[in-house]
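I have placed the structure first, in the form of C-alpha cells, so that the comments after it can refer back to it.
The values are calculated or read from the model by the stated rules, or taken from the named source; none is laboratory data. Just so you know, these numbers come straight off a predicted model, no measurement behind them. Positions of Cβ are generated from backbone atoms using ideal geometry, with glycine treated the same way; all protein chains shown enter the neighbour counts.
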Amino acid sequence: MKENKYLLFSGGMKMADVVLRNYTIASVLPRFDVQLGFGEKTLSEVCRKYGVNEEFFLMVCNIHSSDDYFPAPAELMKIDVAGLIRYLEKSHAYYTEHRIATIERRLGDMAAGCEAAHRVILQKFFSEYKQEVINHFDYEESTVFPYIGELLAGRANVDYHINQYEENHSNIDDKLSDLKNIIIKYLPENCSSEARNEVLTDIFLFEEDLDKHTRIEDKILIPIVREIEKAHEKR
Amino acid sequence: MKSDKSSVVVIEASELLTAGLIRTIDDSASFRVTESYPDVAAYRKRPSEAPPAQIIIINPALLADSRRGGVKALFPDSRIVALLYSYINRDLLQSFHEVIEIYDKPAAVLHKLESVMGHNSHESSGSEAGELSDREREILVAVAKGMMNKEIADLCNISIHTVISHRKNISGKTGIKSVSGFVVYALLNNLIKEYEVK
C-alpha cells in the first residue's frame with residue numbers, strides 16, 4: 001500500500017518498517033525494554049517476545065508519529081495501567097539521564113567558546129530548568145503514580161484527586177522554548193555555530209519527545225484514572 | 001428578499017467542498033451563502049452593482065495569479081476567510097482575517113465566521129514583528145530584576161493591565177516567556193548587571 005499520512009501502525013507491520021518510517025521510535029524502544037535487531041519480525045511478534053502490551057505499544061508509536069492521532073475511548077480501557085506508569089517512569093529516567101544530560105553537555109561545549117559571563121548565565125539558566133523538570137518528575141513519581149497504584153489496588157485515597165494533578169501539570173516547556181530563542185536570536189555571533197546547531201537539534205528533539213509524553217499523560221493517563229475514580233465513587 | 005443572515009460568498013474550485021460549505025453555512029441561524037464561484041475570474045464577472053458579501057471564503061491557492069498581497073484590495077468591503085487544505089506561505093495567510101481547515105467541525109466553522117464578523121479591527125492586535133520599544137525594554141528589565149507587575153505599574157505610572165499587555169507583546173516579539181528567560185535576555189544585551197538579579 002502507498003505511504004499515506006493517515007496510515008496508522010498496526011500489529012502486522014514489520015517492526016523494522018515502523019522505525020524506518022519514524023526514527024524517533026528507536027528512542028522509545030528502550031523504555032519498553034525492547035532491543036533493536038528485529039530481523040523480519042512483525043510488531044506483534046516483537047511485543048510478544050518482550051512481554052509488552054501491544055495496544056499500548058501501538059498507541060505510543062502512533063502518538064509519536066501522527067500529531068492528529070488520538071485513541072478512541074474504547075481503546076483506552078484496554079490499556080494495562082501499571083504498564084503505562086512503568087513506561088512513564090522509564091521515560092523520566094531516559095529524559096534526565098540521557099536527553100537533559102546531553103543538552104547540558106552540549107550547551108557546555110557551546111558556551112566554552114562564548115564569553116565567560118555568558119557561559120555563567122547560560123549554565124545558571126539551564127540548571128534552573130533542569131531542577132524544575134526533576135521536581136516535576138519527582139512529584140509525579142512520589143505522589144501521582146502511587147495514588148494511581150492505590151486506586152488500582154482498590155484503595156481510594158480520599159485526600160487526592162486526579163484533577164489536582166491536572167491543575168499542577170504546569171508548563172515546564174516554557175524555559176526550553178526560551179532557550180531555543182536565546183540560542184537562535186540572542187547569543188552573540190561569535191559562539192561556534194556548529195556547537196550551537198548541535199544543541200539546537202537536541203533541544204528540538206527533546207521538546208518533541210516531551211510533547212508526546214505530555215500528550216500520553218493528558219490524553220491517556222488522566223482519562224483512564226478519571227474513569228477508575230468514577231467507578232470507585234459509585235461504590 | 002432581504003434576510004437577517006450575514007451573506008457569505010464562497011470561491012472554491014472543488015464542487016464537493018463548495019457544496020459541503022453551503023450546506024454547513026445555510027443550516028446555521030446567522031449565515032447564508034448567497035453566491036459561489038469556482039475561481040476569482042468568475043467572481044469578477046458578477047455585476048458591479050451587486051452588494052459586496054460580508055464574508056468571502058476563498059481557497060488561497062486561487063489567488064496565486066493575482067497581485068501579491070492583493071486579497072484585501074480584491075475584496076475591500078468583506079471579511080476574508082481562507083479555506084485551507086494545502087501548504088501555504090505564512091505571509092500570504094496573514095492577510096486573511098480567519099482560516100478554515102477542511103477537517104474543522106461544522107460548529108468550529110460557524111464559530112470562526114462569527115468571530116470574524118465580531119472583530120472589525122483585528123489586524124493591529126498581533127505585534128510579533130519588530131524590535132522592542134523603549135517602554136517594553138524598560139518593563140523587561142524590571143521583570144528581569146524580579147519586580148512584580150504591581151511594582152512595575154507603580155514605577156512606570158501605568159495600570160497593571162497595561163503592564164500585562166506589554167509583557168505579552170514582549171513575549172510575542174522575543175519568543176521568551178519565562179522570567180529566567182528575560183534575565184538571560186537582559187544580561188546578554190547588557191541591559192542589567194549580574195548583581196541586579198535577585
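Descriptive notes on the structure:
- When B:GLY175, B:GLY118, B:GLY130 are screened for being within 12 Å of another protein chain (Cβ to nearest Cβ) and at pLDDT below 95, only B:GLY175 passes.
- Test: residue in segment B:134-146 that is among the hydrophobic types (A, V, I, L, M, F, W, C) and either at pLDDT below 90 or not in a helix (DSSP H, G or I) (or both): no
- Out of B:ILE88, B:ILE11, B:ILE22, sole residue that is surrounded by 19 or more Cβ atoms within 10 Å (Cβ to Cβ) and on the phi < 0 side of the Ramachandran plot: B:ILE11
- Qualifying positions in segment A:28-61 - buried (at least 17 other Cβ atoms within 10 Å of the Cβ) and either within 16 Å of the chain's Cα centre (by Cα) or touching a residue at least 60 places away in the same chain (Cβ under 8 Å) (or both): A:VAL28, A:LEU29, A:ARG31, A:PHE32, A:PHE56, A:PHE57, A:LEU58, A:MET59, A:VAL60, A:CYS61
- Cβ-Cβ under 9 Å pairs, at least 6 apart or on other chains, segment A:68-86 side closer than 30 Å to B:GLU101 by Cβ and within 14 Å of another protein chain (Cβ to nearest Cβ), far side polar (S, T, N, Q) and buried (at least 16 other Cβ atoms within 10 Å of the Cβ): A:TYR69/A:ASN62
- Residue within segment A:146-169 that is within 11 Å of chain B (Cβ to nearest Cβ) and farther than 16 Å from A:LEU221 by Cα present: no
- The conditions of being among the β-branched types (Val, Ile, Thr), surrounded by fewer than 16 Cβ atoms within 10 Å (Cβ to Cβ) and either more than 10 Å from chain A (Cβ to nearest Cβ) or touching a Gly at 6+ places or on another chain (Cβ under 7 Å) (or both) are not met by B:ILE170.
- Inspection of segment B:82-94 identifies no residue that is at pLDDT below 90, part of a loop (DSSP other than H, G, I, E, B) and among the acidic types (Asp, Glu).
- Filter result for the condition that a residue is farther than 25 Å from B:ILE176 by Cα, out of contact with any Phe, Trp or Tyr (no Cβ under 8 Å at 6 or more places or on another chain) and either surrounded by 13 or more Cβ atoms within 10 Å (Cβ to Cβ) or modelled with pLDDT of 90 or more (or both), over A:ASP109, A:ASP159, A:ASP138: A:ASP138
- Qualifying residue in segment A:191-209 (condition: surrounded by 13 or more Cβ atoms within 10 Å (Cβ to Cβ), within 14 Å of chain B (Cβ to nearest Cβ), not in a helix (DSSP H, G or I) and not basic (Lys, Arg)): yes
- The condition (being of a type in the set (Ser, Thr, Tyr) and over 19 Å from the mean Cα position of the chain (by Cα)) is satisfied by just one residue among A:TYR129, A:TYR186, A:TYR165: A:TYR186.
- Criterion violated by A:ARG99 - all others in (1) under 13 Å from the mean Cα position of the chain (by Cα); (2) of a type in the set (Lys, Arg); (3) more than 18 Å from A:ASP211 (Cα to Cα) satisfied: (3)
- Checked against (1) in contact with a Lys or Arg (Cβ under 9 Å, 6 or more places away or on another chain); (2) under 21 Å from B:ALA108 (Cβ atoms); (3) aliphatic (A, V, I, L, M), B:LEU92 passes all but condition (2).
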